[in-house]
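One structure is given here, and the rest of the page talks about it.
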Amino acid sequence: MKDTGQPVIAPQAADRPAGDPPARDLSAVIELRGATASLGARPVLRGIDLTVRTGEVVALLGANGSGKSTAVRSVIGQVPLTDGELALFGTPFRRFKDWARIGYVPQRTTAAGGVPATVREVVTAGRLARTRLGLLRRADRAAVHHALELVGMADRARDSVNALSGGQHQRVLIARALAGEPDLLIMDEPMAGVDLASQEVLASALREQVARGVTVLLVLHELGPLEPLIDRAVVLRDGCVVHDGPPPEAVGQHALPGHDHVHPHADAAAEPLRTGLLS
């Protein structure tokens, strides 16, 4: 190339008018920019930026009330943003409709919410978004069975969920999300209150999802057996991102076994988006 003595300007920079926002990250499955959210009158998220790219496993960490659960609930529309931008799979949130691509595991202690149901019925509910008019085909039934096998609950498929232990309830909730064969798996404290044996089973199920290229966003209180799977940790404090990079080592109260916490919940007047995701 002939040297003209003039500085070389990258075309994308030259073509973008000053002051325009940067182009979207086309590899991003989740992209939050300047996101704020409140629970009632209390601000919880204070302008956070969070990007989760295709195939990544990202852990959201932080102390009680730091905004971890609110952040993931904002991503799925359960807590509306008061400001900022959100895109899913490169589509602005207000136009995103393909909720079957997302599997969500809420923070909960019971799998059926008090409604009488078998293990298979609860897990099958996670497959309905992939069906036509709710009619199960052979592939749908196979996906449900595989999800039950992944979490070690295939032998309990006909049992009532009301007969399960806390760890088994959590396995069923995860199987319900896996039955839809999601491209993005969002899990809110999947290991909370779960015995060690169930933790190992759930870690194995998650490894299988990671191996097939599923993108994962986890809210975790501690990394535990999931630590080898984590690509990146995002630490929140008072609704702000204070770390985005390799998982930090636990210190202080978070390094203590049995450390417990309580998440704030949305005000009853809040209007979550109806996405079809099970909670």
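The values are calculated or read from the model by the stated rules, or taken from the named source; none is laboratory data. Note that this is a predicted model, so its numbers are computed, not measured. Because the Cβ atoms are built from the backbone with ideal geometry, glycine has one as well, and the counts that use them run over all protein chains shown. Calculation scope for accessible area: heavy atoms of the full protein, side chains included, ligands and nucleic acids excluded. Shrake-Rupley method; radii C 1.70, N 1.55, O 1.52, S 1.80 Å.
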Practice task
Pairs only if they're at least six apart or on different chains, beta carbon under 8 angstrom, first in the range 221-238 and within 18 Å of Gly67 (Cα to Cα), second in a helix (DSSP H, G or I) and open to solvent by less than 30 Å² (accessible area, probe 1.4 Å); list them, first residue then second.
Solution key: Leu236/Lys68; Leu236/Ala71
Practice task
Within the range 144-157, identify whether any single residue is in a loop (DSSP other than H, G, I, E, B), of a type in the set (Asp, Glu), open to solvent by 40 Å² or more (accessible area, probe 1.4 Å) and farther than 20 Å from Gly213 by Cα, and answer yes or no.
Solution key: no
Handout entry: So Ala129, is it more than 16 Å from the chain's Cα centre (by Cα), touching a residue at least 60 places away in the same chain (Cβ under 8 Å) and surrounded by 19 or more Cβ atoms within 10 Å (Cβ to Cβ)
Key = yes
Exercise for the section: Take Val216 and decide whether it is of a type in the set (Val, Ile, Thr), part of a helix (DSSP H, G or I) and either touching a residue at least 24 places away in the same chain (Cβ under 8 Å) or open to solvent by 10 Å² or more (accessible area, probe 1.4 Å) (or both). Expected result: no
Problem - Verdict on Leu226 being surrounded by 15 or more Cβ atoms within 10 Å (Cβ to Cβ), closer than 19 Å to Gln107 by Cβ and at pLDDT 95 or above - result: no
Handout entry: Selection status of Arg73, closer than 24 Å to Ala205 by Cα, free of Cβ contacts under 8 Å to residues at least 12 places away in the same chain and of a type outside the set (Gly, Ala, Ser)
Key = no
Handout entry: Residue match in the range 43-55 (condition: at pLDDT 95 or above, open to solvent by 60 Å² or more (accessible area, probe 1.4 Å) and in a loop (DSSP other than H, G, I, E, B))
Key = yes
Practice task
Looking only at the range 170-177, decide whether some residue is open to solvent by less than 10 Å² (accessible area, probe 1.4 Å), part of a loop (DSSP other than H, G, I, E, B) and either over 20 Å from Val194 (Cβ atoms) or touching a helix residue (DSSP H, G or I) at 6+ places or on another chain (Cβ under 6 Å) (or both).
Solution key: no
